[in-house]
């Protein structure tokens, strides 16, 4: 999901929210703002907003599923030192309050399992298998949560050296996404990219080249030449062509994106400057001028 579509004017809205007394803050809107910033890779602003969400939820309710959700979402944003503890707390509380075979529990099982892949692959595998089984049962085999858990479990199988089982799972995942999403959907393209990487690891460069050309063509149609999805797809295709000895084709592809990468770099620099200035402005505003509807039923 593109969280940038949730709120088109998040910065302006937060400027209003930041002026309010904390008892008047709209928690639901704050949660969306946090996800919006996460979608922009702007964790500098996302983390403090989500911390405030957790603090306010704990103020209004106790031992409530909203607290577990706030912990789960905060864990997605924070650094390694806090992430695992928050996920484990949210998982334990969700199992206790909502049960083991629920979508909420499976969500945190998936998140914790994905986090543990590089740290404890056996525990990660168990968690991801549980998450996949629950999502398949509750949401069906074609739901986005099911497909995401399937991809995560496939990555575990590949890391364990179970390449045949991992590749088969990825291929099945691709077909489900082609049928139920669309060929040019970002999740479909991500799965095809994973399969291309598997084929490259097996030195099947020609098969990988065919898939990567498909990714480039679909990315061009879906996102345009200037989008990061397309630029990365072209870069990967050029790398494969170079490995196949198609040096002129590879060089042409690299040259075709050079100006766009330069533009992209300049845009990122400007974005970081904007983020810093907005964060300073947000921190400087604090006067109770406006009231809004609370996320927990109180109208002021």
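The numbers here are math on the coordinates, done by the rules we state, and not lab data. On a predicted model such as this, the values are computed, not experimentally measured, just so you know. Methodologically, a virtual Cβ is constructed for each residue, glycine included, from the backbone with ideal geometry; neighbour enumeration extends over all protein chains shown.
Remarks
- Gyration tensor verdict on region 40-100 (Cα atoms; rounded if a/c is under 1.5, prolate if a/b is larger than b/c, oblate otherwise): oblate
- Prolate/oblate/rounded call for region 141-188, Cα gyration tensor, a/c under 1.5 rounded: prolate
- At R0 = 35 Å, FRET efficiency that the Cβ-Cβ distance of residue 244 and residue 63 yields, to 0.05: 0.05
- Alpha carbon convex hull of region 19-141, volume per residue in cubic angstrom: 116
- When Rg and the Kirkwood radius Rh are both evaluated on Cα atoms of region 69-133, their ratio Rg/Rh stands at 0.94.
- For region 161-246: rounded, prolate or oblate by the Cα gyration tensor [a/c cutoff 1.5]: oblate
- Peptides 205-213, 164-172 ordered by average Cβ neighbours within 10 Å, highest first: 205-213, 164-172
- Shown is the FRET efficiency for residue 220 and residue 252, computed with R0 = 22 Å from the Cβ-Cβ distance and rounded to the nearest 0.05: 0.90.
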